[in-house]
Every structure is written in structure tokens, then in C-alpha cells.
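A.B. asks: My questions all concern the structure below.
What follows is calculated from the coordinates using simple rules that are stated; it is not laboratory data. Predicted model only: the values in this text are computed from it and were never measured. A quick note on method: Cβ atoms are made from the backbone with ideal geometry, for glycine too, and the neighbour counts reach across all protein chains shown.
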Amino acid sequence: MSAGHTIVVEELPQRVRVRVDGQEVADSVAAKVLHETCLPPRYYLPRSDVRMELLEHVPDKHTTCPYKGVASYFSVAGAGAVAWTYPQARDESQKVEGYVCFYDERPEVETELVPAATEP
């Protein structure tokens, strides 16, 4: 990690639901939030909580982050790349290795955070 650049991964105490074009593609109570310098928080969900049968691998799209590693991407029903994963994450990002993250700023992707249940 370079000076001034940080990545912090935390357990998310909320439920995360993700819809793409109105169709629920993920629902998790085991998500993690990744905070990275100069970027918005990102919610990473375990694959077991993502309807992977609805996601299609985008074979020709990969990006490299010097801090997190090489990302591969997924689309849903031709909606373009709407999610990504780091199959071999680096450093602090290893806590989200293999998890799936959705572009919550895309108009067809709706990410809902549901407050954690409170004890009476």
C-alpha cells in the first residue's frame, strides 16, 4: 500500500439486497464493506448469497488495481457489466477475495441496506 492510500474491510452489520432491472440477484446478511481512499464504500457479498445462475461472466473485461488485484466482471441479462470480483485479491483486500460487488451507482442496479434487527 502506498503512503496515503488505505483499504479497510469491515463486516457489515446490515442486510444487503441487490436488484438488477427489478430482479433480485443477491440477498446477504454476511456482506463486507470495503473503504478505500478517494472511493465510495463498496459492498462485497459472498457468492453463496448471490444468484450466480443469473450472472454471466464477461470474458473480455478485466481491470487491474494496484491495491486490490485483477478484477473480472459479470453481467445480468445483457445489462452490461454490473458486478465484479477479485479472484486473487491483494493485501487487505483478501478479506473480500471471491466476493461479488455490484455497481450501485448504475441506474439498473438497486442496492438496499436493511437495518439490522434489534433485540427487544
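A.B. asks: Determine whether region 48-58 contains at least one residue that is on the phi < 0 side of the Ramachandran plot and touching a residue at least 60 places away in the same chain (Cβ under 8 Å).
C.D. replies: Going residue by residue through region 48-58, those that are on the phi < 0 side of the Ramachandran plot are 48-58.
Next cut, touching a residue at least 60 places away in the same chain (Cβ under 8 Å) only: none.
No.
The rows are residues; the columns are (1) closer than 25 Å to THR6 by Cβ; (2) among the basic types (Lys, Arg); (3) touching a Lys or Arg at 6+ places or on another chain (Cβ under 6 Å).
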{"residue": "VAL29", "(1), (2), (3)": "no, no, yes"}
{"residue": "LEU34", "(1), (2), (3)": "yes, no, yes"}
{"residue": "CYS38", "(1), (2), (3)": "yes, no, no"}
{"residue": "TYR43", "(1), (2), (3)": "yes, no, no"}
{"residue": "ARG51", "(1), (2), (3)": "no, yes, no"}
{"residue": "VAL58", "(1), (2), (3)": "no, no, no"}
{"residue": "HIS62", "(1), (2), (3)": "yes, no, no"}
{"residue": "SER75", "(1), (2), (3)": "no, no, no"}
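A.B. asks: Based on what the data block shows, is VAL18 aliphatic (A, V, I, L, M), surrounded by 15 or more Cβ atoms within 10 Å (Cβ to Cβ) and touching an Asp or Glu at 6+ places or on another chain (Cβ under 8 Å)? Lay out the reasoning, then the answer.
C.D. replies: On the way: aliphatic (A, V, I, L, M): yes; surrounded by 15 or more Cβ atoms within 10 Å (Cβ to Cβ): yes; touching an Asp or Glu at 6+ places or on another chain (Cβ under 8 Å): yes.
The answer is yes for VAL18.
A.B. asks: Can you give me the number of residues within region 1-42 that are part of a strand (DSSP E or B), free of Cβ contacts under 8 Å to residues at least 24 places away in the same chain and more than 27 Å from ALA79 (Cβ to Cβ)? Break it down into steps so the answer makes sense when it comes.
C.D. replies: Our first condition is that a residue be part of a strand (DSSP E or B); within region 1-42, this holds for 7-11, 15-20, 23-28, 32-36, 42.
Still in the list and also free of Cβ contacts under 8 Å to residues at least 24 places away in the same chain: 11, 27-28.
Still in the running and more than 27 Å from ALA79 (Cβ to Cβ): 11.
Of the residues in that region, 1 qualify.
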